[in-house]
1. Determine one quarter of the surface area of the Cα convex hull of chain B, which equals its mean projected area, and express it in nm² to one decimal.
2. What is the spin-label model distance, in nm, from residue A:268 to residue B:308 if the labels are put 7 Å beyond Cα along the C-beta direction?
3. Given a Förster distance of 25 Å, report the FRET efficiency between residue B:289 and residue B:234 from their Cβ-Cβ distance, rounded to the nearest 0.05.
4. For a footprinting-style exposure proxy, rank A:250, A:236, B:173 by other Cβ within 10 Å, fewest first.
5. Working from the alpha-carbon coordinates of the stretch A:163-216, get Rg over Rh, Rh being the Kirkwood radius.
6. Could you give me D for chain A, from Stokes-Einstein at 37 °C and 0.692 mPa s, where the hydrodynamic radius is the Kirkwood radius over C-alpha pairs? Units µm² s⁻¹, please.
7. Please compute the contact order of the stretch B:133-217 in relative form: average sequence separation of alpha-carbon pairs under 8 Å and at least six residues apart, divided by the residue count, as a percent.
8. Looking only at the stretch A:32-58, which residues have a backbone nitrogen under 20 Å from a spot 7 Å from the Cα of residue A:552 in the C-beta direction?
């Protein structure tokens, strides 16, 4: 043991204190940086073999700098973050749908269904009043507009969610590239037996963000590099990273427009990429399951309304005693294209408020050759042409007419057309000009009580409280328009509650885990200040040791 | 446990954020006065709320239907009340006229009053509500009974065949022939007694001397050979002039007479409809004898004109029967009004009940919400204050 080696002990003490103060300074200045883990030095006593004392101290030594962090908690946070990502998107979609339906307010569709049926009631009170008829038409048009609007908004929502998938995929690619770059850095540092603490902090942050977008599983190798895979696809390995890419398939929306529906695949393997959690899953779920479900319910409501109202309306009689008129266009496929029939649009006289009509079978209608030539005026059909004064057969029932020549049955729309309301027939080509044609059909008559009859409008108004929707096993209807709609709004509320609750639970769990992680990895200023003072004092003491030895050497050299 | 700056920060932020959310929700409730803003606030309540609101609107519509029906039936009832008074007057006059001491002239004078009563009855049968004939049933744009006159005054009436006609050229004197409309050849019946006059040129012929008329059947029997002619082939501006008034039933656009049958319905409760009209026939026809008001009044007038005492006595009998029919229709109308009023009362109390239920579901309890708001506001302020105190100090401040 010599004084010179003692000087070395002092030097090492100074160096160690200085390094420790560096680390403390780093910790203090990064105290509020997100994702920063506090660093700690591992210090140990240096020693040598000594023949006399066995081991002899040689001062202190910094073995390494390590970060303090629980990787278990990081994995927990990543797992919960995937669920948060999923539920956040689902919750957002459901919230948007809630806002679209605007219930319970005076502007929701329920209000307009009510006013539609109110207008029929009003018509029942004044069946021949033109303004009451206009009201029925107007309220139906407003209802149609509301249906169109809701349907368009749902389609828009679906389109936006679809577009967002693309942005998320780009983000995933950016993040996997960053992980790959950090892997290289960490590998270079840690293969030299050092710790790449700050790169690891950064990588943990990136992983956390990635986990909110897709589900991930992570494996680390012996030099600290990680492999990330998602839903069975390896996205990052120490050697390479793999991009996701989007595909577009054209998909028709109910409102008639189409959208390029986005699919995802792994760029190199061309495997379809189907995340089981995270934001992308939430977006796909919104687009493919949630929005179509409510769209379908809305369509069902519109279709049932059209079907039920038309069913009654076609049996009713208009102001002039004609029947068989549709109220809504029967080609309606759903909420997006519900509209009034052309008859009602032409004139509100065609609203069939009166009821009645018995079914009769017409007989003996034979169109003699020559009379019904192609290009001639439409031929009138009669109830029974053999009567002394034949009565015109108006209100022919659609689908019951059979026109036949001696050899063949003719095709409606190709060979002839029938004006069902006026009971006339017209040929479409000259092929049958020279033969007699026999026409069999059914017609309605006798029911028309007059323009003051309101039986049919009362029946249509009553649809509001009738069971019209959702058939059970026996084919009986089990709900009214209102109860169907309110049940579906109730379901929407419950779904949203479920999504919000799931989101909140997960967020709460993350709060808890992050709180734990903060307790472990966070910087405590008090602690750091304590350390600072401690290292200051060891520095001062080490300096004093060197001064003392210096003085001793001085004494020795001046002897 | 180590407590670090980041952890403290996170907790403070979390708490402040949560309290702020609470405040925003309560503020929304206070500003709108509504508890239910979106389905997820309370899914079951929202579904119930939608059902109840729809039900309330339905009840409000039933209320309108009932009130409209009541208006219609009140007008019907008023018309029946007046008819009742007129029928009583007719009966008084009939009893007077039946007396043996009445002379033929007096009976003709009584007929003058009966004629006015009859015209008034017809006006009442043609009563309208909102421009619609209440006794026409569904054909409410068409009057149930039309009082026509046979015009024979202008050149046009002749040229357009608008005057009445008969053809007695073949049957001659003493045989009744039908009066008919020269325009469409349809027979004319139900003449108003006392309105008939017949002249050719300047000669006015006298009823029961030169001719006799069956007012109900609408036949004329020429007694003077001058009148045994075909009016149609002898017409001229100065020729045969027949003037009278007669009744016919209203006709629809197809020229068919309307029956006045058929119901005018109002939905007054869920699934319950009620006819608010009284068909004309049920009011003026005695089904047991087949007598109806107009025929009976015409026969009565004819008996008075012809000084036919047994006819007058028969008329009293018939009048009583028709009167009974009318009374029973009146009672039925009254009973229906009662039923509607009861329904209206029930409807209103049900509506009140539903409105109260909706209010419970929808409306925010202001007192509760305000006190909750105050509480949350205090908690929020406390959270802010503790945050400022807890975040600042660390060992740094004390070195």
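1. Answer in nm², one decimal: 33.8.
2. 11.9
3. Rounded to the nearest 0.05, the efficiency is 0.05.
4. A:250, B:173, A:236
5. Computed over Cα atoms, the ratio is 1.09.
6. Taking Rh from Cα pairs, D becomes 104 µm²/s.
7. Over the stretch B:133-217, the number comes to 16 percent.
8. Zone members listed by number: A:45-58.
Readers should treat all values here as calculations from the given coordinates under stated rules, not as data from a laboratory. All values reported here derive from a predicted model rather than from experimental measurement. Positions of Cβ are generated from backbone atoms using ideal geometry, with glycine treated the same way; all protein chains shown enter the neighbour counts.
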